[in-house]
Amino acid sequence: MKKKVYVLGAYGLIGSACVRHLLHAGFDVTGVGRSLGKGLQSNNRINWCIADIARASVSDWSEMLKEADIVVNAAGALQDGGRDNLEAIHVTLIENITRALEGRDVQFIQISAAGATEQASTSFMQSKARGDRILINSHLNWQIFRPSLVISRDAYGGTALLRAAAAFPLINFQIFPDTPIQTVSIDDVTYAVVKAANGVIPAGTIADLTEEDSHRFDELKAAFRQWLGLPAWTINVKIPDAITRLLGKCADLAGLLGWRAPLRTNALKSLQDGIIADADSWQKTGNPPCRSLEDTLSAMPATVQERWFARLYMMLPLAIGILSLFWIASGAIGLYALNDAGHILVDRGMSSEAGTFLVIIGAVADIALGTAVLARRFSKYACLGMIAVSAGYLISSLATAPDLWLDPLGPLVKVVPSIILTLFTLSILDDR
């Protein structure tokens, strides 16, 4: 009879890879996540258990995991924000699950992080370490794997930003260029998980998963640029630390709005500290060493889709910012020049009251949409609203002010490119 494996964070970068390899190894896999839609997009061959894992209680976990033989925890978050709570995800979650599984013979495979200690410089590493300690002190049959920087054909968070930085045209903007970084292939991480699930890795194993050598961060970016098939940079520009800190604060603000920006303070601090792990801890379990960065990249040659992704990744925040500025400014200008805007309609036969009312309604709608697009939770609906409102402007103009289509300044013609920009933004909103 197949063992039943429940994978937490099953549509994330590591979780989705674990799902695929566990299925291939013959396990009965159930994914646990917050969104059924994202789960089915990630893998429609498995069952999905939909829950907000950060808020699930002991009784919730008892019910969800009542048939589980193995639990793989690949859930995680980089920093507290509008969508994430580190204490809840890294600590309370494990505390509740270990209590829910008390008295049962269930194996728990924890995906932690290289460098996770309670004395670490970031709340991410500290909370990861506290969760690990709860598991270590539990009665469960457990293994803890601590990967370094995970490299996968899929890209998310820091590895997505790494590709974007590597693809930046002409100029290499240097942030902590000499920081040592070690990497690990996603295949080595899933290999460890499957081996543990098969009972080959002893209970109580704590092992770093990483290549043996480290790379300067600039060398790592250059390796990815070469992998993308792009020419070497001609210019290197060192970013001042003050600018780096400002970028981190801006990314933190985006995090409060629900965007999981990879340049947040925790990520920058981790990068500054370096990502270093103990390759020997894995090899001492009798397993072969993890593959090198060169071998990892060679096993997943880049195609045009990787180059497109790398170049478009930084376009999303730019597009969101431009759309927000455009719509908020449009609404504010409309309210500021209320009489002049109303006269455009009055001069074409509409009553003064009706013209003023429509201008106010339109301006408020513009400002609301420009504000809403900044919040990750509402960004998709804001983009759809922008398209609908823009289409409404164009269609209604045919009845109320068709002459504006021939205006030398093109006030209506210019709406069309804004619709295209909104469609572009909508098409690249997904981050998983």
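The values are calculated or read from the model by the stated rules, or taken from the named source; none is laboratory data. Just so it is clear, the structure is predicted and the values come from calculations on it, not from any experiment. Here the Cβ is made from the backbone with ideal geometry for all residues, glycine too, and neighbour counts use every protein chain on show. Quick note on the areas: whole protein, heavy atoms, side chains included, nothing else; ligands and nucleic acids left out. Shrake-Rupley method; radii C 1.70, N 1.55, O 1.52, S 1.80 Å.
Counting just the residues of the stretch 60-103 that are touching a His at 6+ places or on another chain (Cβ under 9 Å) and not hydrophobic (A, V, I, L, M, F, W, C), which one comes out surrounded by the fewest Cβ atoms within 10 Å (Cβ to Cβ)?
First, the residues of the stretch 60-103 that are touching a His at 6+ places or on another chain (Cβ under 9 Å): 75-77, 98, 101-103.
Those left that are additionally not hydrophobic (A, V, I, L, M, F, W, C): 76, 98, 102-103.
On the way: GLY76: 24, THR98: 22, GLU102: 13, GLY103: 6.
Checking each candidate, the answer is GLY103.
Does the stretch 45-56 include one or more residues that are within 15 Å of the chain's Cα centre (by Cα) and surrounded by fewer than 22 Cβ atoms within 10 Å (Cβ to Cβ)?
Step one: filter the stretch 45-56 for residues within 15 Å of the chain's Cα centre (by Cα), giving none.
Taking every residue of the stretch 45-56 in turn, none turns out to be within 15 Å of the chain's Cα centre (by Cα) and surrounded by fewer than 22 Cβ atoms within 10 Å (Cβ to Cβ).
What are the residue pairs meeting all of these: first residue in the stretch 130-141, first residue under 18 Å from THR117 (Cα atoms), second residue surrounded by fewer than 19 Cβ atoms within 10 Å (Cβ to Cβ), Cβ atoms under 6 Å, and 6 or more apart or on different chains? Within 6 Å, the pairs are ILE134/GLU95. Looking across the stretch 114-123, the residues that are closer than 21 Å to THR205 by Cα and either open to solvent by 10 Å² or more (accessible area, probe 1.4 Å) or out of contact with any Lys or Arg (no Cβ under 7 Å at 6 or more places or on another chain) (or both) come down to GLY115, THR117, GLU118. Among residues of the stretch 124-158 being surrounded by 21 or more Cβ atoms within 10 Å (Cβ to Cβ) and among the hydroxyl-bearing types (Ser, Thr, Tyr), the one that is nearest to ASN266 (Cα to Cα) is SER127.
Restricting to the stretch 180-203, and then to whatever is of a type outside the set (A, V, I, L, M), open to solvent by less than 40 Å² (accessible area, probe 1.4 Å) and touching a strand residue (DSSP E or B) at 6+ places or on another chain (Cβ under 7 Å), can you tell me which residue is farthest from TYR313 (Cα to Cα)? Outline the logic, then answer.
From the stretch 180-203, those of a type outside the set (A, V, I, L, M) are 180, 182-183, 185, 187-188, 190-191, 195, 198-199, 202; that's our starting set.
Keeping just the survivors that are open to solvent by less than 40 Å² (accessible area, probe 1.4 Å) gives 182-183, 185, 188, 190.
Now narrow it down to the ones that are touching a strand residue (DSSP E or B) at 6+ places or on another chain (Cβ under 7 Å): 182-183, 185, 188.
On the way: GLN182: 23, THR183: 21, SER185: 22, ASP188: 26 Å.
This residue is ASP188.
Tell me yes or no: at least one residue of the stretch 261-270 is free of Cβ contacts under 8 Å to residues at least 12 places away in the same chain, out of contact with any Leu (no Cβ under 9 Å at 6 or more places or on another chain) and open to solvent by 70 Å² or more (accessible area, probe 1.4 Å). The answer is no; no qualifying residue exists.
So which residues in the stretch 294-313 are assigned to a loop (DSSP other than H, G, I, E, B) and not small (Gly, Ala, Ser)? Before the answer, list the steps.
Initial filter on the stretch 294-313 (assigned to a loop (DSSP other than H, G, I, E, B)): 299-303, 313.
Scanning the stretch 294-313 gives MET300, PRO301, THR303, TYR313.
Being under 20 Å from VAL150 (Cβ atoms) and of a type in the set (Asp, Glu): is that true of ASP69 here? When the stated conditions are applied, ASP69 does not pass them. Exactly one of these conditions fails for TYR156: (1) at pLDDT 90 or above; (2) under 24 Å from ARG34 (Cβ atoms); (3) of a type outside the set (A, V, I, L, M). Give me its number. The one condition TYR156 does not meet is (1).
For ALA88, are the conditions met, namely being within 13 Å of ILE206 (Cα to Cα) and either under 23 Å from the mean Cα position of the chain (by Cα) or part of a strand (DSSP E or B) (or both)?
Numbers: within 13 Å of ILE206 (Cα to Cα): no; either under 23 Å from the mean Cα position of the chain (by Cα) or part of a strand (DSSP E or B) (or both): yes.
No; evaluated as a whole, the condition is false for this residue.
Restricting attention to the stretch 411-420, the residues that are part of a helix (DSSP H, G or I) and either without any contact (Cβ under 8 Å) to a residue 40 or more places away in the chain or open to solvent by 50 Å² or more (accessible area, probe 1.4 Å) (or both) total 5.
For beta carbons closer than 9 Å, sequence separation of 6+ or different chains, a first residue in the stretch 107-121 that is at pLDDT 90 or above and a second that is among the acidic types (Asp, Glu), the qualifying pairs are GLN107/ASP69; GLN110/ASP132; SER112/ASP132; ALA114/ASP208; ALA114/ASP278. Within the span defined as the stretch 344-357, every residue fails to be part of a helix (DSSP H, G or I), modelled with pLDDT of 85 or more and either of a type in the set (Phe, Trp, Tyr) or out of contact with any strand residue (DSSP E or B) (no Cβ under 6 Å at 6 or more places or on another chain) (or both). Among the residues of the stretch 7-28, what is the count of those that are farther than 20 Å from PRO147 by Cβ and open to solvent by less than 20 Å² (accessible area, probe 1.4 Å)? Residues flagged as farther than 20 Å from PRO147 by Cβ and open to solvent by less than 20 Å² (accessible area, probe 1.4 Å) within the stretch 7-28 amount to 1.
Within the group LEU23, LEU40, which residue is free of Cβ contacts under 8 Å to residues at least 24 places away in the same chain, under 18 Å from VAL189 (Cα atoms) and not in a loop (DSSP other than H, G, I, E, B)?
Only one candidate passes the filter, namely LEU23.
Among the residues of the stretch 213-249, which ones are surrounded by 13 or more Cβ atoms within 10 Å (Cβ to Cβ), in contact with a strand residue (DSSP E or B) (Cβ under 9 Å, 6 or more places away or on another chain) and part of a loop (DSSP other than H, G, I, E, B)? The answer is SER214, TRP233, ILE239.
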